[in-house]
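S.K.: The structure follows.
The values are calculated or read from the model by the stated rules, or taken from the named source; none is laboratory data. Nothing here was measured: the structure is a model prediction, and the numbers come from that model. Please note: Cβ atoms are built from the backbone with ideal geometry, for glycine as well, and neighbour counts cover all protein chains shown.
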Amino acid sequence: MKKDTTTITDNNTGRQLELLLRRGTSGPAVVDIGHLYHELGYFTYDPGFTSTASCRSGITYIDGEQGILHYRGYPIEQLAEKSNFLEVTYLLLYGELPNPQQLDAFTATIRHHTMINKSLERFYDGFYHDAHPMAIMMGVVGSLSAFYHDSTDIRNPQHRELAAHRMIAKMPTIAAASYKHSIGESFVYPNNNLSYCGNFLNMMFSVPSEPYIIDPVAEKAMDVLFILHADHEQNASTSTVRLAGSSGANPFACIASGIAALWGPAHGGANEAVLHMLEEIGKVDNIPAFLARAKDKKDPFRLMGFGHRVYKNYDPRAQIVRRMCHEVLDSREQHKDPLFELAVRLEEIALSDDYFIEHKLYPNVDFYSGIIYKALGIPTQMFTVMFAIARTVGWVAQWMEMIAEPQQRIGRPRQLYDGPGRRDYREMNDREQA
Ligand code: CMC
């Protein structure tokens, strides 16, 4: 049988090397270059990983040209319409949709872990009231490593699963407490009679002095947004979690590293940046000037919520969020939200602009999500935290998949060194004066 390989030729030496092609169930084949350095003495160079598969994974599949996203084979559109966040969480963690008993047991397990240790609450007092909630999240999630010693042995599958459940369950509690701290209100304890998102809304917005009624539209919208954000294969934060985890670091520390990577405006921080950008643009008449800035290579300004490393078509999540935006705003009689109207116009104008067409720049998931969060009363600084709550599921699933690999090794990229060659230390008196 013909071997599934590709051959490269070294033009310097004339040597040929046959490289194995590995094929997944979907997507392009990958060239296995594991022996390249040993055989030819070369590394590969791919800054930003534009053509590099960093791992094998059976969790999420994206076809960026077609605008397709599947979790464990299920299209995101079907999951967003028919499923709910905890069911999707189960799917991402365990690979299959749960039957009713499995879902009940899983929901009960997650509810069981929603509380945080009392001492952990004192961490919040160390943060000034205007601390960004993402800064608090990084610190508090990382500190979980100091509390749960019965779930940090990464070689023990039960420990791994317990840590996974704890993080997924506690993330809304930690996030809501970050918000309460920032507005000087008492923390609200989790209420395990509520849904995952209902409980989060209650911890965010209820106060001990009066009843709080959860708005079903807000609860549903948040659940769908959480499904859309739950995983996205090897993005920057997930790759960070995998790399941190590959050294054997405990899972709580790894998720804290994911939160750090998510915060940047090129990644999860974009939803917050989109809202600031729309406020800065202010009115439709100003759109052309901002588009001109986005196209000007000398200007660092970019249209936030536009463009994606993988999607060269409409981000399928953005399609769903855009539709939801209409529903949520209509339900609150806020369909005249000027920021939403501005966003719709900005999208129209950008999508008919040659630069955006040629560069295949489409709205991504973050373009409209902030407008929904705003309509639900979520403060702008919490937008990326919302992303982090949902993405914790993906981080944990990817981390569990990686650790369970029999061949798991530390991730250790190489480099193209272009610094100074060897030179001798110069005594202070021998160095040139400024
Ligand atoms: N506005 C204007 N020009 C852009 C934009 C934009 N938003 N995004 C990319 N470009 C241009 C860029 O200048 C470059 O042009 P040229 O080839 O002429 O030099 C070309 O498109 C390719 O850009 P790139 O920076 O090489 O692409 P990338 O794959 O490295 O970056 C990105 C992807 C998402 C970081 C980038 O599109 C961007 O900065 N977008 C704005 C931030 C944003 O919305 N991020 C959220 C991403 S989706 C949610 C998530 O994954 O967290």
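S.K.: Please find, within region 295-321, the residue that is surrounded by the fewest Cβ atoms within 10 Å (Cβ to Cβ) out of those that are within 21 Å of K283 (Cβ to Cβ) and not acidic (D, E).
M.R.: That would be F301.
S.K.: Taking into account only those residues within region 359-411 that are of a type in the set (D, E, K, R) and within 16 Å of the ligand (Cβ to nearest atom), which is farthest from M203 (Cα to Cα)?
M.R.: Applying the first criterion (of a type in the set (D, E, K, R)) to region 359-411 yields 360, 366, 374, 391, 401, 405, 409.
Within this subset, residues satisfying the condition of being within 16 Å of the ligand (Cβ to nearest atom) are 360, 366, 391.
On the way: K360: 41, D366: 24, R391: 19 Å.
Within region 359-411, the match that is farthest from M203 (Cα to Cα) is K360.
S.K.: Here is a further query. Within the bounds of region 104-111, is there any residue that is more than 20 Å from A163 (Cα to Cα), touching a Leu at 6+ places or on another chain (Cβ under 6 Å) and modelled with pLDDT of 95 or more?
M.R.: So the first thing to find is which residues in region 104-111 are more than 20 Å from A163 (Cα to Cα), and the list is none.
Within region 104-111 (the criterion being more than 20 Å from A163 (Cα to Cα), touching a Leu at 6+ places or on another chain (Cβ under 6 Å) and modelled with pLDDT of 95 or more), the answer is no, since none of the residues qualifies.
S.K.: Under 8 Å by Cβ, and 6 or more places apart or on different chains, what pairs join a residue from region 250-270 that is more than 16 Å from the ligand (Cβ to nearest atom) with one that is assigned to a loop (DSSP other than H, G, I, E, B) and not small (G, A, S)?
M.R.: What qualifies is N250/T152; N250/I154; P251/T152; P251/I154; F252/Y148; F252/T152.
S.K.: Please verify whether region 318-326 includes one or more residues that are within 13 Å of the ligand (Cβ to nearest atom), assigned to a loop (DSSP other than H, G, I, E, B) and at negative phi.
M.R.: Filtering region 318-326 down to residues within 13 Å of the ligand (Cβ to nearest atom) leaves 318, 321.
Next, only the ones that are assigned to a loop (DSSP other than H, G, I, E, B) stay: none.
The answer is no, given that none of the residues of region 318-326 is within 13 Å of the ligand (Cβ to nearest atom), assigned to a loop (DSSP other than H, G, I, E, B) and at negative phi.
S.K.: Still on this structure, please answer the following. Quick check: is even one residue across region 331-350 surrounded by 15 or more Cβ atoms within 10 Å (Cβ to Cβ), within 10 Å of the ligand (Cβ to nearest atom) and more than 30 Å from D215 (Cα to Cα)?
M.R.: Looking through region 331-350, at least one residue is surrounded by 15 or more Cβ atoms within 10 Å (Cβ to Cβ), within 10 Å of the ligand (Cβ to nearest atom) and more than 30 Å from D215 (Cα to Cα).
S.K.: In addition: Please specify each residue of region 58-101 satisfying the condition of being of a type outside the set (G, A, S), over 19 Å from V310 (Cα atoms) and in a loop (DSSP other than H, G, I, E, B).
M.R.: N84, E96, L97, P98, N99
S.K.: What about S352, is it among the hydroxyl-bearing types (S, T, Y) and over 20 Å from the mean Cα position of the chain (by Cα)?
M.R.: On the way: among the hydroxyl-bearing types (S, T, Y): yes; over 20 Å from the mean Cα position of the chain (by Cα): yes.
Considered against the rule, which asks whether it is among the hydroxyl-bearing types (S, T, Y) and over 20 Å from the mean Cα position of the chain (by Cα), S352 comes out as yes.
S.K.: L351: in contact (Cβ under 8 Å) with a residue 40 or more places away in the chain and more than 19 Å from F205 (Cα to Cα), yes or no?
M.R.: Details: in contact (Cβ under 8 Å) with a residue 40 or more places away in the chain: no; more than 19 Å from F205 (Cα to Cα): yes.
Against the criterion (in contact (Cβ under 8 Å) with a residue 40 or more places away in the chain and more than 19 Å from F205 (Cα to Cα)), L351 does not qualify.
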